[in-house]
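**Q** Pasting a structure here, questions to come.
The values are calculated or read from the model by the stated rules, or taken from the named source; none is laboratory data. Values in this document were obtained by computation on a predicted structure and should not be read as measured data. Positions of Cβ are generated from backbone atoms using ideal geometry, with glycine treated the same way; all protein chains shown enter the neighbour counts. Protein only, heavy atoms only, side chains kept; ligands, DNA and RNA dropped before computing areas. Shrake-Rupley method; radii C 1.70, N 1.55, O 1.52, S 1.80 Å.
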Amino acid sequence: MEAFVKQIAGVLPCRDGYVRQLYRYYRKGDQFPPALYIYGQSSTGKGAILREVFRCRSAADESLQCAQLSAISCYTNKILFETIVRQLEGAELSQSNHYSIDCKLDYAKDFLAALRQRLDPARSYVIVVRHAERLRDMAHNLLPLFLQLPEVTGLNVSVVLVSSLPFEKFYTKAGLPPVVKLFVPEYTRADMQRILMNDYTPHVQGLGGQRSATDQLWLAAITEEFHRNYVSLFLGTFWKVCRDVKELRLVAAECFPAYCEPVRDGTIPAHDSMKLWRNITKTLRAALSTMYMRLGTKAAGSGVAPDGTAWLAQNLELPYYAKYLLIAAYLASNNAAKEDRRLFMKNHGKQRKRLQAVNARAKVTEKMTTKLGPKAFNVDRLLAIFYAILDEQVGLTCNLLAQISTLVHLKLLTYASSAEGGAGGSAMLDGSATRLQCTVGMDFILQIGRMVGFNVRQYLTDFF
């Protein structure tokens, strides 16, 4: 077992305990557990280690066949059943079979009959279903069927459900069969440092260059100790903000050339980590503010400071309507709802000037709406302002609603409460209930307005 654990640790480190438990459950010659539920936060290595473990087990044991699928792509019973049967048989979709299997599996009884007839009882089978929380939205008998699959088929088959939710979220009034649960904790900072240290060779190869004699001299100074200092400084900035392994590895690879630039130029020696830290501070700050936007650090070479909002707005590639949606969200967050009629309608009626209203508008900076912070608004109001400020006629389509979800994913908009944010994409369909907030500042939105030719100040009550 230890040799197997070391083999997996060479590819995916810091998960030795997780691999040992999987090895005990799916040891060669043993009866597999009927169902295994693996849960934990996203980006903790659940799916990647499962793929690697069963790949190595299948290579060592020819009697083991594994089917791996996602409940997101297999969104109907027919697609789910056909994908499982096809992968357990070892068949591949091709032009010769018209990219389909030779039987229809629309119902659970057809699926069970296909498993009994097509699979060899002498072999062992494993079905891995990622994003298993989607099964709750499918047929009500699907989850109990998977949890009792060996009992109803008579095969040595195990179903592994992978999700980010605890199993208690799956309970129904009718109850569910017992299942073996396995929790995968988040990576610690020491684990993350070890994972990033394994990227030393790719980081050095990513420095580029023609590998001339001059390059060989300064590349000799990029040692593992130099890389360890960089990883420690990098995690000191990003660890409190992000725990996602994929994002941290991506940003660490993008910022490493900027960290090595003074060593290449000869302005800072490789052993002076303090000066190197001061030199890369602005680059790390810019990468921190654009963590999930995939802008990279190359755009910092433009004339605008890389840590400024103007630079961010210029390099953020948003669709045309998404920019207007962002402007509408900013106006909804920084204007009172009672002012919408006066701001966005032509025939809003006359407004009497009273002394009390004049004094109320003589605002000091501390009382300005744009200084007090964004207010919550619902999607219906967002769309109403969007159609009011847009010159052309656009229909309300799923693509338009998807752009609102994109703005939420980019952290430009945020849900006003955690309960609404947990509802996911389904909450976006209820326009009166979903409440959002705009997180961008005024300088950012003014730059977005200039890009589309829209005067944002004209529609803010603070500047009347």
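**Q** Looking at (1) surrounded by 17 or more Cβ atoms within 10 Å (Cβ to Cβ); (2) out of contact with any Phe, Trp or Tyr (no Cβ under 8 Å at 6 or more places or on another chain); (3) within 22 Å of GLY17 (Cβ to Cβ), can you tell me which one ARG86 breaks?
**A** Going through (1) surrounded by 17 or more Cβ atoms within 10 Å (Cβ to Cβ); (2) out of contact with any Phe, Trp or Tyr (no Cβ under 8 Å at 6 or more places or on another chain); (3) within 22 Å of GLY17 (Cβ to Cβ) one by one, ARG86 breaks only (3).
**Q** When you check VAL53 against the structure, is it of a type in the set (Val, Ile, Thr), modelled with pLDDT of 90 or more, crowded, with 18+ Cβ neighbours inside 10 Å and over 19 Å from LEU147 (Cα atoms), yes or no?
**A** Details: of a type in the set (Val, Ile, Thr): yes; modelled with pLDDT of 90 or more: yes; crowded, with 18+ Cβ neighbours inside 10 Å: yes; over 19 Å from LEU147 (Cα atoms): yes.
So VAL53 fits the description; yes.
**Q** Pairs under 8 Å by beta carbon, first residue within 19 Å of ALA258 (Cβ to Cβ) and assigned by the TED database to the domain that holds PRO257 in the stretch 206-225, partner open to solvent by 40 Å² or more (accessible area, probe 1.4 Å) and modelled with pLDDT under 85, six or more apart or different chains?
**A** ASP215/GLY209; LEU219/GLY209; LEU219/ARG211
**Q** What's the number of the only condition in (1) farther than 27 Å from LYS169 by Cβ; (2) surrounded by 18 or more Cβ atoms within 10 Å (Cβ to Cβ); (3) modelled with pLDDT of 85 or more that ALA59 fails to meet?
**A** (2)
**Q** Name the residues in the stretch 126-169 that are touching a strand residue (DSSP E or B) at 6+ places or on another chain (Cβ under 8 Å) and free of Cβ contacts under 8 Å to residues at least 60 places away in the same chain, would you?
**A** LEU155
**Q** Can you tell me which residue among PHE170, PHE146 is out of contact with any Pro (no Cβ under 8 Å at 6 or more places or on another chain), under 27 Å from LEU64 (Cα atoms) and open to solvent by less than 40 Å² (accessible area, probe 1.4 Å)?
**A** Details: PHE170 fails: under 27 Å from LEU64 (Cα atoms).
Just a single option satisfies the conditions, and that option is PHE146.
**Q** Would you point out the residue of the stretch 438-460, among those that are surrounded by fewer than 18 Cβ atoms within 10 Å (Cβ to Cβ) and not in a loop (DSSP other than H, G, I, E, B), that is farthest from the chain's Cα centre (by Cα)?
**A** Looking at residues that are surrounded by fewer than 18 Cβ atoms within 10 Å (Cβ to Cβ) and not in a loop (DSSP other than H, G, I, E, B), I get GLN458.
**Q** ALA190 versus (1) loosely packed, with under 14 Cβ neighbours inside 10 Å; (2) in a helix (DSSP H, G or I); (3) at pLDDT below 90: which is the lone unmet condition?
**A** Status for ALA190: all satisfied but (3).
**Q** In the list LYS181, LYS173, LYS104, which residue meets the criterion of being of a type in the set (Lys, Arg), closer than 20 Å to SER73 by Cα and not in a helix (DSSP H, G or I)? Quick ask: steps written out before the conclusion?
**A** Numbers: LYS181 fails: closer than 20 Å to SER73 by Cα; LYS173 fails: closer than 20 Å to SER73 by Cα.
Within the list LYS181, LYS173, LYS104, the selection yields LYS104.
**Q** Which of the residues spanning the stretch 212-271 are part of a helix (DSSP H, G or I), among the hydroxyl-bearing types (Ser, Thr, Tyr) and over 16 Å from ALA190 (Cα atoms)?
**A** Start the filter on the stretch 212-271 by keeping residues that are part of a helix (DSSP H, G or I), which leaves 213-219, 224-238, 245-265.
Those still in the list that are among the hydroxyl-bearing types (Ser, Thr, Tyr) too: 214, 230, 232, 237, 259.
Of everything in the stretch 212-271, those that are part of a helix (DSSP H, G or I), among the hydroxyl-bearing types (Ser, Thr, Tyr) and over 16 Å from ALA190 (Cα atoms) turn out to be THR214, TYR259.
**Q** Filter the stretch 90-123 for residues that are over 19 Å from LEU155 (Cα atoms) and of a type in the set (Phe, Trp, Tyr) and give the result.
**A** TYR99, TYR107 - these are the residues of the stretch 90-123 that are over 19 Å from LEU155 (Cα atoms) and of a type in the set (Phe, Trp, Tyr).
**Q** Ok, one more. If you take the residues of the stretch 273-295 that are open to solvent by 20 Å² or more (accessible area, probe 1.4 Å) and not in a helix (DSSP H, G or I), which of them is modelled with the highest pLDDT? Let's see the steps before the verdict.
**A** Within the stretch 273-295, the subset open to solvent by 20 Å² or more (accessible area, probe 1.4 Å) is 273-275, 277-279, 281-283, 285, 288-289, 292-295.
Narrowing further to those that are not in a helix (DSSP H, G or I): 292-295.
Working: TYR292: 69, MET293: 64, ARG294: 63, LEU295: 59.
Within the stretch 273-295, the match that is modelled with the highest pLDDT is TYR292.
**Q** Quick test for you: out of ASP391, ASP430, pick the one residue that is at pLDDT below 85, part of a loop (DSSP other than H, G, I, E, B) and surrounded by 12 or more Cβ atoms within 10 Å (Cβ to Cβ).
**A** Values: ASP391 fails: surrounded by 12 or more Cβ atoms within 10 Å (Cβ to Cβ).
Selected residue: ASP430, the only one of ASP391, ASP430 that is at pLDDT below 85, part of a loop (DSSP other than H, G, I, E, B) and surrounded by 12 or more Cβ atoms within 10 Å (Cβ to Cβ).
**Q** If you don't mind, another one. Looking only at the stretch 128-145, decide whether some residue is within 23 Å of the chain's Cα centre (by Cα), in a loop (DSSP other than H, G, I, E, B) and assigned by the TED database to the domain that holds LEU88. Can you show your working first?
**A** Taking the stretch 128-145 as the starting set, the residues that turn out to be within 23 Å of the chain's Cα centre (by Cα) are 128-137.
Now drop any that are not in a loop (DSSP other than H, G, I, E, B), which leaves 131.
Adding the requirement that they be assigned by the TED database to the domain that holds LEU88 leaves 131.
Looking for residues that are within 23 Å of the chain's Cα centre (by Cα), in a loop (DSSP other than H, G, I, E, B) and assigned by the TED database to the domain that holds LEU88, one finds at least one in the stretch 128-145, hence yes.
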